[in-house]
Every structure is written in C-alpha cells, then in structure tokens.
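The values are calculated or read from the model by the stated rules, or taken from the named source; none is laboratory data. Because the structure is predicted, anything quoted here is derived from the model rather than measured. Quick reminder, even Gly has a Cβ in these numbers, built from the backbone with ideal geometry, and neighbours come from all protein chains shown. Ligands, DNA and RNA are excluded from the accessible area calculation, which covers all protein heavy atoms including side chains. Shrake-Rupley method; radii C 1.70, N 1.55, O 1.52, S 1.80 Å.
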Amino acid sequence: MSDEPAAAPLLVKTTASARSRDLALRILIPLLVIAALILIWSAYVRLSGVPPYILPGPAAVASAFVTDWGTLAPALWVTTKITLVSLMLALVGGVGFAIFLVQSRWIELAFYPLAVILQVTPIVAISPLILIYAPSTQVALLICAFLVAFFPILSNMVQGLKSVDHNLINLFELYGASRWQTLLFLKLPAAQPYFMTGLRIGGGLALIAAVVAEFAAGSAGAGSGLAFRLLEAQYRLNIPRLFAALLMLSLLGVAIFAVTSFISWLALHRWHESSLKREN
C-alpha cells in the first residue's frame, strides 16, 4: 500500500513523456518527409539541367516568394477573404437548412433533391450564369464558393440530426420537452461530430471553389485573387512566381484544415470517441 502514492507521480510523468514524444513525432516526421522531397527536387533540377521556365528549383521558388510578395500577398488576401466569407455563409445556410429539412419527412423529400442537384452540377458549368445574374464579380465568386461548400455541411448536419438515439428522444418526450428544447439540448449537441466533419470538408472545398470560380470568371486587375496571378505567371512564363502562388494556396489550405481540425478537437476531445486518447 505504501508504494501506491509513490507510483502515481511516476505514472503521470511517464504518460506525459509519451504524449510529448508522440506529438514530436507527429511534427517531425512530416517535416522530414517534406525536406527530403525538397532535396530530391533540387538535386533533380541541378543534375538534369532542366531550364527554370520548365521546372524551377526550390531556391528560385523561394526567391520569387520573397521578391513577388508585394504582388502575391494582396491576391492571397482576396482569395482568403472569399474563402472564409463563403465558408461562414455555407455554415449558416447548411445548418439552418438542415434544421429545416429534419422537421418533417415530407419537407426533406421535397427540398433535399434541390440541394443534391446544386451539388452534382459542376460549378464551372453554372458559373457563367452566376456571372451574368450576380451584381458584381466578387459576389459571383462568393456564390460559387458557397454552393460548393454548402452541400457537405448540409449533408453531414442532416445525417447528424437524424442519428440521435431514439431512446433519448423518447426520454425528452416523456419529460414533456418541446420540439425546440429537444433540438437545442439533444439533437444539436449530438450532431456536433457530423457538423465538425462537414466543417473540415467544407473549408477545403471553399478554397478550391474560390480558385475555380476565379478561373471561370477571368477576373483581373488589382482586386484579383491568386487564380489570376497563376494565369498571369503562366502566360508570362514566370514559372517561379507560379510555383510561389501555388505554395501560397497550399499553405492557405493547410492553415484552414489545421484551424478547422483544432476547432473540432476543442469541441469533441472531452467526450466523443473520435477524439478521446486511448492507452491501447
């Protein structure tokens, strides 16, 4: 019995050390893989003698990233703004429409196919119509990105609201809870894991749709996003700048995924099975 108090701090220390080592490995292994790929890329460019207007080396891309920052940074901000605003609109619209659909089976049968039609129709095909009817190019880009990010959030939220344990629903009915009380205190909390999945998917799709919409719109000028800078660099055969713009888009996508994953972890790590730490 006297050894148990002394063993407890040792167990806590061992667990903390294991978690720190696991976190370090999760960070170091991807970084090492990326560093190895960059070295292979650099070695291939040097040994093959491929010209920089075909495939620039990592040093040329890094140089373009720094020297063209004044041109690329405003475009990055435009794309980021369109992505985030469209994602926020998709969150509000997707959650609101999902709540509306699950109120009745007939409502779902009537309106859910419309959302499916919007989802399966390629955004490139309907973007010309959106450009005609939208009051401005920026609004058209927002609508395009919203339509792509909307359906994953809607679909996951509908699935979450319909996956609540019926025994708990019966318990709420037994205690006389109203429909809105059941929604607020049972269905919405139970649908959080599905909502978080839709958030992570919608974040990446919003960025993809924003870039595709810029390509389709052919927007140009000072208020244009990174898609225009990509096309501009391609037409001018400024391939290092093109790679730098691609790097910016990749980093933006990684940042969006990291933020949405962190939000999901904050919401779920204390109670949901998908985020709980296991010893085995």
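Annotations
- So LEU184, is it under 25 Å from ARG270 (Cβ atoms), out of contact with any Pro (no Cβ under 9 Å at 6 or more places or on another chain) and in a helix (DSSP H, G or I): yes
- Flag for ALA7 being over 27 Å from ALA255 (Cα atoms), open to solvent by less than 100 Å² (accessible area, probe 1.4 Å) and modelled with pLDDT under 90: yes
- So TYR235, is it touching a residue at least 24 places away in the same chain (Cβ under 8 Å) and of a type in the set (Phe, Trp, Tyr): no
- Residue list for the range 33-61, filter: part of a helix (DSSP H, G or I) and either under 16 Å from ARG229 (Cβ atoms) or touching a residue at least 24 places away in the same chain (Cβ under 8 Å) (or both): ALA60, VAL61
- Residue within the range 66-79 that is open to solvent by 90 Å² or more (accessible area, probe 1.4 Å), of a type in the set (D, E, K, R) and at pLDDT below 95 present: no
- The residues listed here are GLU173, GLU214, GLU232; of these, the one that is in a helix (DSSP H, G or I) and in contact with a Gly (Cβ under 6 Å, 6 or more places away or on another chain) is GLU214.
- Contact annotation: no residue pair with Cβ atoms under 7 Å, 6 or more positions apart or on different chains, pairs a residue in the range 191-208 that is over 14 Å from VAL148 (Cβ atoms) with a partner that is of a type in the set (Phe, Trp, Tyr) and modelled with pLDDT under 90.
- Single residue of the range 237-254 satisfying the filter (open to solvent by less than 30 Å² (accessible area, probe 1.4 Å) and small (Gly, Ala, Ser)) that is farthest from THR79 (Cα to Cα): ALA244
- Qualifying residue in the range 165-174 (condition: over 23 Å from PHE215 (Cα atoms) and crowded, with 21+ Cβ neighbours inside 10 Å): no
- For the range 138-155, the set of residues classified as surrounded by 24 or more Cβ atoms within 10 Å (Cβ to Cβ) and hydroxyl-bearing (Ser, Thr, Tyr) is empty.
- Check on VAL95, closer than 24 Å to LEU184 by Cα and either touching a residue at least 40 places away in the same chain (Cβ under 8 Å) or open to solvent by less than 50 Å² (accessible area, probe 1.4 Å) (or both): yes
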